[in-house]
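Take a look at the structure below.
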Amino acid sequence: MGLTVAVTGPTGEIGTSAVRALEDDPRVERVLGMARRPFDARARGWRKTEYRQGDILDRAAVDALVAPADVVVHLAYVILGSHEESERTNLRGSRNVFEAAVAGPRTRRLVYTSSVAAYGYHADNPVPLTEDVPARGSSEHYYSAQKAACERLLREITEGAASGLDVYVLRPCIVAGPEATVLLRNLPWEQAAPHVPEPLRRALGLVPGLKPVLPDPGVRFQLVHPEDVASAIAAAVAGDGPPGAYNLAADDTITVAEFAHAVGAYAVPVPSGVVGLTAELVGLLPLMPAKAEWIHAVRYPMLMDTAKAHRDLGWTPRHTAHDALKAMAS
Ligand SMILES: NC(=O)c1ccc[n+]([C@@H]2O[C@H](COP(=O)([O-])OP(=O)(O)OC[C@H]3O[C@@H](n4cnc5c(N)ncnc54)[C@H](OP(=O)(O)O)[C@@H]3O)[C@@H](O)[C@H]2O)c1
C-alpha cells in the first residue's frame, strides 16, 4: 500500500507544486488537502487528491484530516498579513497541526516548510548559513520571529513524550516561479517608501510616479523554483533521507540589479548603512503596516549552504535562480 499524505495549504504557491509532485510519485497513493477557500482539485487534473475546505485553527478539522495520514505536510501559513492574523494562523494553527500529527494513529512522518527567515537577520550570521546555525529569528520582523517560534514549538511538541515521529524541517529561500510571485507582490522598498521621511526617501531615489526604484546595497540573494521545493517535499514525504533540517536554494545567486531588470524596475546603488537606517525607522515609526517589516530581509546577506539537502536528501534543484526569476517575471 502506498502512502496517504495529508497536506495543509495545498492551494498555495508551494502547495500546488507539492501536490503535483506527490501526484507524480508512485510511492504516494492518496493525498488529502485542506485550506479555507473553495478549490477544484479535478480541474487541476489531480487524480489522487481529495480537497476539503477547513481552517487549521479548527482542531477537529485538523484531526479529521490527519487521522488517515501516514505523513503530514504542513504548508498552511500567512506570509503577508497583519501581526494578529499571521500570529493566530502561524502559531496557534501550526500548534494544532503538530499536535494532531503526534496524536495521529498512523502518522509516522511530519514535513514542515520553515524558511530562511527562521535564522533571523543578524550582522553576525555566518555566510553561508548551515543548518546547525541556531534559528534565532528577528523580533523586528513578524514573519521571521514567527518562523523561529514555530520551529521551537515544533521541537517542544514532537521531541517531548517520545512522539516517534520523523520530523523534516525544510528551509527554502524566497520562492519564485510562474505562480510564485510573493516577492513581486511585496517589494520591501515599495511597502516601506510611503512611510519613510522625505529627505531619506530622496536619498534612496524613491520618487513616486516613476518606474519602481530598488535601492541596491550590493547584497546578493537566493531564489528557488517551487518545483524544486516540491521535489524536496516529496523526498521528505518518502523518507529519502534522515529527518532534520534542510536548507533549500538554487545553486546560483542573483543581484538586486538583475532582479530590478527582470521586473522592470531601476536599481540604484546605496550604502548598506542606508538600508539599516531605513529598517530601523520602519521599527520606530507609528502605524507602519506589518508588510513594511520585510525590509529587514535585505539588510544583510542571507545565503544558505544547501550541501546537506544535496547529500542527505538526494536533492538536486532543476532550476537556477535566474530561471526562477525569469519564470516569475514573465
Ligand atoms: N513563498 C515563499 O517565498 C516561501 C519561502 C520560504 C518558505 N515558505 C513557507 O512555505 C509554506 C507555504 O508557503 P506558500 O508560498 O505556498 O504560501 P501561500 O501561497 O501564501 O499559501 C498559503 C496556503 O495556506 C492556506 N492557508 C492559510 N491560512 C490557512 C488556515 N488558517 N487554514 C487552512 N489553510 C490556510 C492558503 O489557502 P486559504 O487562504 O484558502 O486557506 C494556501 O493554501 C509557508 O509556511 C511559507 O512560510 C514560503
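Kindly check whether there is at least one residue in the stretch 60-82 that is without any contact (Cβ under 8 Å) to a residue 12 or more places away in the chain and either among the acidic types (D, E) or touching a Leu at 6+ places or on another chain (Cβ under 6 Å) (or both). For the stretch 60-82, residues without any contact (Cβ under 8 Å) to a residue 12 or more places away in the chain and either among the acidic types (D, E) or touching a Leu at 6+ places or on another chain (Cβ under 6 Å) (or both): absent. For the stretch 144-178, taking the residues that are of a type in the set (A, V, I, L, M, F, W, C) and either in a loop (DSSP other than H, G, I, E, B) or near the ligand (Cβ under 9 Å from one of its atoms) (or both), the one that is farthest from W294 (Cα to Cα) is identified as L165. Residue selection: E151 fails the criterion of being over 22 Å from V229 (Cα atoms) and among the acidic types (D, E).
Consider A35 carefully, then state whether it is loosely packed, with under 15 Cβ neighbours inside 10 Å and more than 15 Å from I233 (Cα to Cα). Answer is no for this residue. Considering the stretch 38-51, the residues that are surrounded by fewer than 17 Cβ atoms within 10 Å (Cβ to Cβ) and closer than 24 Å to A238 by Cβ include one that is nearest to the ligand (Cβ to nearest atom), namely R44. Of the residues examined, T107 is not one that is at pLDDT 95 or above, within 19 Å of V169 (Cα to Cα) and under 17 Å from the mean Cα position of the chain (by Cα). In this structure, V78 does not qualify as within 18 Å of P105 (Cβ to Cβ) and either in contact with a strand residue (DSSP E or B) (Cβ under 6 Å, 6 or more places away or on another chain) or near the ligand (Cβ under 9 Å from one of its atoms) (or both). Considering D63, D58, D25, the condition of being of a type outside the set (S, T, N, Q), out of contact with any strand residue (DSSP E or B) (no Cβ under 8 Å at 6 or more places or on another chain) and within 19 Å of A235 (Cβ to Cβ) is satisfied by D25 alone.
Looking across the stretch 51-85, the residues that are in a helix (DSSP H, G or I) and at pLDDT 95 or above come down to R59, A60, A61, V62, D63, A64, L65, V66.
Just one of the listed residues (A76, A69, A103, A117) is surrounded by fewer than 23 Cβ atoms within 10 Å (Cβ to Cβ) and small (G, A, S), and it is A103.
The values are calculated or read from the model by the stated rules, or taken from the named source; none is laboratory data. Please read all numbers here as calculations on a predicted model, not as lab measurements. When we count neighbours, we look across all protein chains shown, and the Cβ atoms used for this are built from the backbone with ideal geometry, even at glycine.
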